[in-house]
Amino acid sequence: MTRALLAAMIAAALFLTTAAGAAKAEDGYDLWLRYPPVEADAAADYRASATLLVVAGESATLGVAADELERGLSGLLGATPERAGAVSRDGAVLVGRAGDAAVAALGLDLSGLGAEGYVIRSVIMDGRAATVIAGGGDAGALYGAFHFLRLIQTRQALTNLDIREAPAVNLRLLNHWDNLDRTVERGYAGQSLWDWHKLPDHLDPRYTDYARANASIGINGTVINNVNTDALSLTGPWLEKAAALAGVFRPYGIRVYLSARFSAPVEIGGLDTADPLDPRVQAWWRAKADEIYALIPDFGGFLVKANSEGQPGPQDYGRSHADGANMLADAVAPHGGVVMWRAFVYDDGVPTDRAMQAWDEFVPLDGQFRDNVIVQVKNGPIDFQPREPFHPLFGATPETPLMMEFQITKEYLGFATHLAYLGPLYEEVLDADTHVRGPGSTVAEVVDGSLFGHRLTGMAGVANTGSDRNWSGSQFDQANWYVFGRLAWDPGLGAEAIAREWAAMTFTPDPAFVEPVTAMMMGSREAVVDYMTPLGLNHLMATGHHYGPGPWVDDLPRADWNPTYFHRADAEGIGFDRTASGSNAVSQYAPDATARFADPAQIDERFLLWFHHLPWDHPMPSGRPLWDELVARYDRGVDAVGEMRRTWAGLADHVDARRHSEVADFLAIQEDEARWWRDSSIAYWRSLNGLPMPEGHAPPAHDLAHYRNLSFPHAPGHWD
Ligand code: GCV
């Protein structure tokens, strides 16, 4: 063997080892904060703009901002910028806050940024070209640092920068439905991130990475325990665990909040009542708030699910939601805390349409809540379905601030194995026109407070994180965490732009990858709607765990737990009549919105069967009868998943093998399950309407009995 051949073999072996090592590292843990080296031809320019790192002041948050810049720049540029006390040569990056001397000396307009806003500007300092990242306060500086890194991650120029950002809403929160035994209700990514048993003494480094990820997208709060909560979480030992987490999150601008069990004064307080008007109960909560704030000085406040799905609440004592919320609000007010009171309430004792109950209960209370109460409303009136019209409460309570609750975890959209990018769902709701103050009164304007002039504003997302290495149960579910944060920061950013940004950061900025993947992501949620619940159908999932189809289920004790309650199909037609001839839920919207939804000729067909019960031969805009249209939608959904599989298969060269094959496997599962949804739904509808398959569409693979007999007792995320 020649020396040259030997050298070549060693080099090849080294290359393979490195490549294998790199592939091994790519398991999704690093999320969108991977910081791999930029292409050689671009690196020199970027390096020239990041030669020095100057930190203008001192604080824990500025420290983590500087560490993140160092980590990101060294990874991306292959050169660690030197830390310096001043801008002594061209290409310095200066990070600081409005009050820091070096930032103030620049005389930039930093007014109106608040503590969380920032500017990023190309400036000349002491005759040197520099980039300044100036936060209104600590958090702003950190958010600005992440923005600066994102510019490189998405290959944007660092010259002539003039960026100014401030968040649209104040509370940008994850809601974890994490239980104290580490199970996660509706969680599909393993166990809870919180290793409660080892807290507070052991702080898993993952808590820091969680905080970094959230800060990078502007999330500033986390409700760490399930809304179906256990009063134990308010006892001393558990508060210490919460305090330990708060300590990790604090430098990242993230506050801890707790779900509060309304009956805690009885369960852990030794009282015989939790009546919010009882002075002993009020005193108990005040003392509890004092105890929490002594441990967690920046505690954010309480989230409450009351009188819903069996949870205790003020109505147990003949009191209203406002009585309950105000009592808790008074307890946290001296400390600057808030109460987020959920509007997800329904009760089968109430003989109305379930979609109407939140509006019925909360509109009469408008104006009765304390200033530090915000009512948290799910995006639609039922429950996080693949598609729902916006919730009629948005716009209906001018005196009461409302915050948005989206679900990031995909309870009703195929769990972790279906690729469904939720950006278009969030955007569709935020852009929806309530018509409350004329056309263009969007849900986003209700949520950001501008429509009615509210200063307490917020957006919550039910988290999809867990102990899986990839955090979210699948690589693409990370995008749903990402887009939630980005839209909470700025609802106008656009789901497509965010998808593009995420794909570039999470995989590669190569347009040959980003463009097809963005298109795939943008179509993915519509595909799920098509194969699960087309044309406004909803809640047809199997009951309990919600895994797979169950449109035939009609034997559960509560009427509104049964899919048959929601679709109301029979031999003649299908859909829920929510017009004046039915439940009249449509009247809960503002008159112009009502008029559109109420008229089958005017309604957007995507919501048709949500509001209307129609005959199977109802003519659709396509010219097809309703039955044919429905079948066409099912097929369109299944075909779209096939197309997604082909797109992904063609991108193998752009993605490390491990992540590529995981996504490919999941897409194969999704295609099978899409077909299952399509076939079983069609088999069931045909058992009711007796109609033949429309021309050109294949019959289901099995008879209805086959689908009805499938059972999945251990599907994940279940709760009892
Ligand atoms: C936390 C749905 C879910 C429940 C969830 C509830 C809620 O009903 O299936 O798991 O409970 O919503 O949002 O409170």
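Just so it is clear, none of the values below were taken in a lab; they were calculated from the coordinates. Bear in mind that the values here come from a model prediction, so they are computed numbers and not experimental data. Because the Cβ atoms are built from the backbone with ideal geometry, glycine has one as well, and the counts that use them run over all protein chains shown.
Things worth noting here:
- Altogether, the Stokes-Einstein calculation at 20 °C and 1.002 mPa s, with the Kirkwood radius of the stretch 171-506 over Cα pairs as Rh, returns a diffusion coefficient of 107 µm²/s.
- Extension gain (nm, one decimal) between ASP162 and ASP209, 0.36 nm per residue minus Cα-Cα: 14.0 nm
- Distance from the alpha carbon centroid of the stretch 588-649 to that of the stretch 194-247 works out to 42 angstrom.
- Translational diffusion of the chain, µm² s⁻¹ [Kirkwood Rh, Cα pairs; Stokes-Einstein; 4 °C; 1.567 mPa s]: 48 µm²/s
- Among LEU425, LEU161, LEU69, a tally of other beta-carbon atoms within 10 Å of each Cβ gives an order, fewest to most, of LEU161, LEU69, LEU425.
- Taking Cα centre as origin and charging only the Cβ of basic (Lys, Arg, +1) and acidic (Asp, Glu, -1) residues, the dipole magnitude of the stretch 40-165 rounds to 180 debye.
- Set of aspartates and glutamates with alpha-carbon distance to LYS198 below 13 Å, sequence-local pairs under 8 removed: ASP181, GLU240
- Sequence-separation-based contact order of the stretch 171-506, relative, with Cα cut under 8 Å and 6+ spacing, percent: 18 percent
- Note on the stretch 79-173: semi-axes of the ellipsoid equivalent to its C-alpha gyration tensor, largest first and rounded to whole Å, are 21, 16, 12.
- The equivalent ellipsoid that matches the C-alpha gyration tensor of the stretch 154-260 spans semi-axes of 30, 14, 14 angstrom, in descending order.
- Note on the stretch 141-192: Rg/Rh from C-alpha atoms, Kirkwood Rh, equals 1.22.
- Overall shape of the stretch 69-131 was characterised from the C-alpha gyration tensor. The equivalent ellipsoid obtained from it has semi-axes of 22, 15, 10 Å, in decreasing order.
- The relative contact order of the chain, computed from alpha carbon pairs under 8 Å that lie at least 6 residues apart in sequence, is 11 percent.
- Cα gyration tensor category, rounded, prolate or oblate, for the stretch 355-401 with a/c compared to 1.5: prolate
- Förster radius 45 Å - calculated FRET efficiency between ASP360 and ARG646, Cβ distance, rounded to 0.05: 0.40
- Theoretical FRET efficiency, 1/(1+(r/R0)^6), r = Cβ-Cβ of ASP316 and LEU232, R0 25 Å, to 0.05: 0.80
- Electrostatic dipole magnitude of the stretch 172-222 [Cβ: Lys, Arg +1; Asp, Glu -1; Cα centre; debye, to 20]: 200 debye
- Computed over neighbours whose Cβ is under 15 Å from that of GLY313, the net charge equals -4, Lys and Arg +1, Asp and Glu -1.
- Exposure proxy order (Cβ contacts within 10 Å, fewest to most) of LEU258, LEU614: LEU614, LEU258
- Working note: Debye formula, equal point scatterers on the alpha-carbon atoms of the stretch 398-474, no solvent; log10 I(q)/I(0) at q = 0.24 Å⁻¹ is -1.06.
- Alpha-carbon Rg with Dmax, taken over the stretch 476-598, Å: 19.3, 55
- Estimated inter-spin distance, ASP592 and ALA101, nm [label 7 Å along Cα→Cβ]: 5.6 nm
- Stokes-Einstein D for the stretch 207-272, Kirkwood Rh over Cα pairs, 37 °C, 0.692 mPa s (µm²/s): 256 µm²/s
- Here the calculated FRET efficiency for ARG89 and GLU291, from their Cβ-Cβ distance with R0 = 41 Å, stands at 0.20, rounded to the nearest 0.05.
- Simple spin-label estimate for ALA668 and ARG708 in nanometres, 7 Å along Cα-Cβ: 3.3 nm
- Extension gain, GLN602-ARG658: 0.36 nm per intervening residue step, less the Cα-Cα distance, totals 15.4 nm.
- Once the mean of 1/r is taken over each pair of separate Cα atoms and inverted, the stretch 578-666 shows a Kirkwood hydrodynamic radius of 16.2 Å.
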